[in-house]
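The values are calculated or read from the model by the stated rules, or taken from the named source; none is laboratory data. Quick caveat: nothing in here was measured; it's all calculated off a predicted structure. Backbone-built Cβ (ideal geometry, glycine too); neighbour counts: all protein chains shown. Only protein heavy atoms, including side chains, enter the accessible area calculation; ligands, DNA and RNA are left aside. Shrake-Rupley method; radii C 1.70, N 1.55, O 1.52, S 1.80 Å.
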Amino acid sequence: MAEYQAKSINSLYFEVTNNDKLIGKLIYKNWFKFSAEIEILNSKYQIEPKGFWGTTVELRDGGNVLLKFTMNWNGDIVVHTYFDNIEKDYVFKYRGIFKDSFALTDEHGTELLIMKPNFKWNSLNYEYQITTTDAFEDFSQKGILLINSLHCANYYMSMMMSAM
């Protein structure tokens with residue numbers, strides 16, 4: 001089990017840390033699109049919406065698609081990964097008004113991480129407290145999945161705000 005913090009310097013730039021050690025960054029290109037860049041150690045990955053409405057979002061390492069996600073009809077985000085030529089599915093979902101958190105689960109419904117958003121009124125930005133399970137910590141690509149989950153949370157919040 002591990003604890004991470006995702007802090008927004010401004011609405012376009014997030015840093016994810018564990019015990020004050022930088023794990024990675026999520027950098028949006030502009031305010032109204034879901035294009036972004038993930039930096040983990042010395043690697044950079046691109047996040048780009050695909051299709052006419054941009055409802056599918058892909059994370060790429062150069063020309064290789066490492067994962068893609070799309071929001072389904074009930075508001076859950078289905079994440080398909082292609083790490084090491086092995087396909088796996090995950091579900092990223094919002095957990096109600098009273099729990100006010102997000103969860104990433106595997107194909108069996110086992111929770112892998114919980115994200116609790118915290119809106120900072122003084123800066124008008126979100127921060128997240130992220131708790132992961134031991135199973136998640138064993139993933140070889142946990143950094144990418146962790147920061148992509150942050151992107152999914154921002155994507156979800158943006159989609160819900162635009163629906164209102």
Fraction of accessible area attributable to carbon and sulfur, the range 17-164 (%, probe 1.4 Å): 53 percent
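Ile47: net charge of surrounding residues, Cβ under 13 Å, Lys/Arg +1, Asp/Glu -1, itself excluded?
+2
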Positive minus negative residues near Met1 (Lys, Arg vs Asp, Glu; Cβ under 14 Å): -4
Rounded to the nearest 20 debye, dipole of the chain from Cβ charges on Lys, Arg, Asp, Glu: 620 debye
Within a Gaussian network of the chain (alpha carbon springs, distance under 10 Å), most fluctuating of Asp134, Asp76, Asp89: Asp134
Per-residue [θ]222 nm for the chain (sum of -39500 (n - 2.57) over DSSP H runs n ≥ 4, rounded to 500): -5000 deg cm²/dmol
Anchor Lys44: aspartates and glutamates whose Cα lies under 17 Å away (excluding residues fewer than 8 positions away in-chain): Glu15, Glu58, Asp61
Where the chain is the region considered: accessible area per residue in Å², 1.4 Å probe: 57 Å²
Cα shape, the chain, gyration tensor, a/c 1.5 rule: rounded
